[in-house]
1. I'd like the orientation of helix B:85-94 relative to chain B: the angle between its Cα long axis and the longest Cα principal axis, in ° from 0 to 90, rounded to 10.
2. Determine, for A:113, A:200, the number of other Cβ atoms within 10 Å of each Cβ, and report the residues in order from fewest to most.
3. Taking chain B as a Gaussian network, Cα atoms linked when under 10 Å apart, which of B:23, B:86, B:126 shows the biggest mean-square fluctuation?
4. With a 10 Å Cβ neighbour count serving as the proxy for reagent exposure, in which order, fewest first, do A:18, B:108 appear?
5. Given a Förster distance of 30 Å, report the FRET efficiency between residue B:23 and residue A:132 from their Cβ-Cβ distance, rounded to the nearest 0.05.
6. Label-point separation (nm) for residue B:131 and residue A:102, each offset 7 Å from Cα along Cα-to-Cβ?
7. Residues of A:196-202, mean number of Cβ from any other protein chain within 10 Å of their own Cβ, rounded to a whole number?
8. Can you tell me the 0 to 90 degree angle between the C-alpha axis of helix B:111-127 and the longest principal axis of chain B, rounded to 10?
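FYI, it's all coordinate maths here, none of it is from the lab. Note that the structure is a prediction, hence the values are computed from the model and not measured. Because the Cβ atoms are built from the backbone with ideal geometry, glycine has one as well, and the counts that use them run over all protein chains shown.
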């Protein structure tokens, strides 16, 4: 896939992220605006790495309470039980609802962990000025951006159950603090992925596809 | 290598890898991809104003339906009841979870509505031949809000919740569930028909 060419950065050009016009970078660099649509121009997302790290570290801190605290409390005829993310998936599996257990396991456990791991790897690879396998790293980034949102599914399940079971007046379901922390993890990892500029992956790769570092 | 000339209309820089390249002059019907990373640089084909406008208006109608009708109907030990999209959010507020309720409200009501409203705000004036005020800001906002609109994920949540409860009670999907299913498809179609770069080539 790697063919000869130049980046806009190397030619002192900036593509406007709003309208796509390729602008010449002026001496006054910072705060320059697009000649066509007036949007502020950035060569790369400003302070991309530090902002992405900040969101990611915050997400990691919320990850533990999100998994340890119950996401909901169910009271049926005087008996009550509390479910965490993991015990909720186990409950589904124990009751033979394995397709649902699989959805919950993938969306709530596998995806958040994978996403955090990928973001750490991408951020470190840019810090270390890695030129290795940029295309694969870009694919990881795209994957992370695409699947990250789906972790919200457990929060929505709690929302629907809370409303439904209240109506029946037989069981009572209350949302637990774990759901709040879990929503926080999803939102923060989404923000971490959004602030990461994928062009940084390519900045240490020579136009001919070879590394600048070696 | 210096075959790249500036202020050429077809010059683009890939937004995922920054490679400078010219769009081929003959590009009827289809996508042009970045020659290094494969990211889509350019679309051509459908009417770039009428199609998103039609999909935006359809989405608005479906959004109204999905909030006006019951999402799930519920029968347990002789009792019947129904729930609405907003009922769960209200219940979360009632259970002293205002932040969680706000996150759900934003991702299932505010963000989808904002996305649909922006589409109509942009494309209705364009279809009548003029450019709406704050066009650039509206284009940026349309793209920024989209990932926060999570109706397709909410729909999966509804499905999981319904199956979970199906052992204990009779759960029937209400009209809003069907409207929501259509809305998810229409909204995704509308979003895929927004081509900011081509629009700018036309309005500028």
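1. 70
2. Result, fewest neighbours first: A:113, A:200.
3. Largest GNM mean-square fluctuation: B:23.
4. Ordered from fewest to most neighbouring Cβ atoms within 10 Å, A:18, B:108 come out as A:18, B:108.
5. Efficiency computed from Cβ-Cβ geometry: 0.50.
6. Calculated label separation equals 5.1 nm.
7. Across the residues of A:196-202, the mean count of other-chain Cβ atoms within 10 Å is 4.
8. So the helix axis and the longest Cα principal axis differ by about 40 degrees.
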